[in-house]
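Comments concern the structure below.
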Amino acid sequence: MMQSVASTAVVPPVEVRRDPGARQGDPWGEVLGELEMVGVFCSTGRFSEPWGLELPALPRTLMYHLLLDGRAVVDVEGATLDLAPGDVVLVPHGTGHRVTGTREDPASGLWDVERTVVQERYEQLRIDGGGRPATLVCGAAGFADPGVGRLLASLPPVLRAPGGGATRAVVEAIGDETRHPRPGTDVVTARLADVVLVHAIRGWLEAAEPASGWLGALRDPALGPVLRAVHGAPAEPWTLESLAARARLSRSAFAERFAAVVGEPPMAYVAGHRMDVAARLLREPGASVAAVAGRVGYESAPGFHRAFVRRHGCTPGTWRTAAGPRTLEDVLGA
């Protein structure tokens, strides 16, 4: 937990005017709701021991493994996890890692494994060592909403969600799809994996106690209300004074605390969040650049254009028409 800051000035809270079209200020729910994966790559591995995969690093990509049956071991930078059927492992930062049948099994490079292309972005992998079998669903995913990056950056290098509860039914449905591929299997598997990932991340959120980063700020009694206000009304003309008032801190104490916990100055966070919201709105059918600029608080189209390019590296018009990475080769190329 964060220690309280000694030099504070208590001021009355500020009433925030909300855009009727804005989300109502629950950053956890907002980001979990936007965990819509861009289908990058999904595969079903049918392996028998000894077997192993050496996965390359995929920056800005979440990688995951879902063990359907058998056993497996995941090693991410020396953190070794033994999996049981139904377990899900997330590698949120796209770190290169190994997945093997046992801790002693050798690992082959991803491109050296026998593979069968079933459908676009969906493949079957096979390693036949003649021993104990295992079935594994592996995937690499980007996300449609760039704001998800704050959540992923706050997660540890690897996390495991044990199977059970509501996740079990979804895992069984994924298993049925992978054992009996048919038209649309790639889409169905990706959507079911969406649900598993949300369950896994939500479970970690409920159990973890991060003291810093975006998640730490959400749990901070002073900074949490600030983030909820900013997420609830991105078009509000926020100032350092109005944000400090939300936190019930002096300007200097608030700015210092926000930067220490979140990792960036308050107004930089506000500007970045506005552009992340704008990126999401631009993908909506019929969205115009001018209308989106207004919904995130910009009266000047050139000012919005410059801010968007600084944040996302391309113009709003280019972003609106781009489909984003769709294949593993796209991601590796990027």
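So which of 293, 307, 279 ends up being of a type outside the set (Asp, Glu), free of Cβ contacts under 8 Å to residues at least 24 places away in the same chain and part of a helix (DSSP H, G or I)?
Values: 307 fails: free of Cβ contacts under 8 Å to residues at least 24 places away in the same chain; 279 fails: free of Cβ contacts under 8 Å to residues at least 24 places away in the same chain.
None of the others qualify; the one that does is 293.
Which residue out of 241, 236 is part of a loop (DSSP other than H, G, I, E, B) and not assigned by TED's automatic domain parsing to the domain that holds residue 137? Full working, then the answer.
Working: 241 fails: part of a loop (DSSP other than H, G, I, E, B).
Matching residue, one of 241, 236: 236.
Rundown of residues vs (1) at pLDDT 75 or above; (2) farther than 16 Å from residue 87 by Cα; (3) assigned to a loop (DSSP other than H, G, I, E, B); (4) out of contact with any helix residue (DSSP H, G or I) (no Cβ under 8 Å at 6 or more places or on another chain), yes/no style:
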| site | (1), (2), (3), (4) |
| --- | --- |
| 168 | no, no, no, yes |
| 188 | yes, yes, no, no |
| 194 | no, no, no, yes |
| 206 | no, yes, no, yes |
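Using the structure shown, decide if residue 81 is under 20 Å from residue 143 (Cβ atoms) and surrounded by fewer than 23 Cβ atoms within 10 Å (Cβ to Cβ). No; evaluated as a whole, the condition is false for this residue.
Put simply, of 101, 163 the only residue that is of a type in the set (Gly, Ala, Ser), at pLDDT below 75 and on the phi < 0 side of the Ramachandran plot is 163. So is residue 200 part of a helix (DSSP H, G or I), under 27 Å from residue 298 (Cα atoms) and touching a residue at least 12 places away in the same chain (Cβ under 8 Å) or not? Judged against the criteria, residue 200 is not a match. Against the test of being modelled with pLDDT under 95 and of a type in the set (Lys, Arg), the options 71, 60 yield a single qualifying residue, 60.
Of all residues being among the β-branched types (Val, Ile, Thr) and in contact with a Leu (Cβ under 9 Å, 6 or more places away or on another chain) in the stretch 261-291, which is surrounded by the most Cβ atoms within 10 Å (Cβ to Cβ)? Just the residue, please. First the steps, then the outcome.
So the first thing to find is which residues in the stretch 261-291 are among the β-branched types (Val, Ile, Thr), and the list is 261-262, 270, 277, 289.
Okay, now just the ones that are also in contact with a Leu (Cβ under 9 Å, 6 or more places away or on another chain), so 261-262, 270, 289.
Details: 261: 21, 262: 23, 270: 20, 289: 19.
Ranking the candidates gives 262 first.
Of all the residues in the stretch 34-57, those that are modelled with pLDDT under 85 and in contact with a Pro (Cβ under 7 Å, 6 or more places away or on another chain) number 2.
Assigned to a loop (DSSP other than H, G, I, E, B), closer than 19 Å to residue 50 by Cβ and touching a strand residue (DSSP E or B) at 6+ places or on another chain (Cβ under 6 Å), is that true of residue 115? Criteria not met by residue 115.
Within the stretch 251-265, residues that are touching a residue at least 24 places away in the same chain (Cβ under 8 Å) and assigned by TED's automatic domain parsing to the domain that holds residue 221 sit with their Cβ atoms under 7 Å from residues that are crowded, with 16+ Cβ neighbours inside 10 Å and among the acidic types (Asp, Glu), at 6+ positions apart or across chains, in these pairs: 261/220.
The values are calculated or read from the model by the stated rules, or taken from the named source; none is laboratory data. Given the structure is predicted, the values throughout are model-derived calculations rather than measurements. Heads up, the Cβs are rebuilt from the backbone with ideal geometry, glycines too, and the neighbour counts pull from every protein chain shown.
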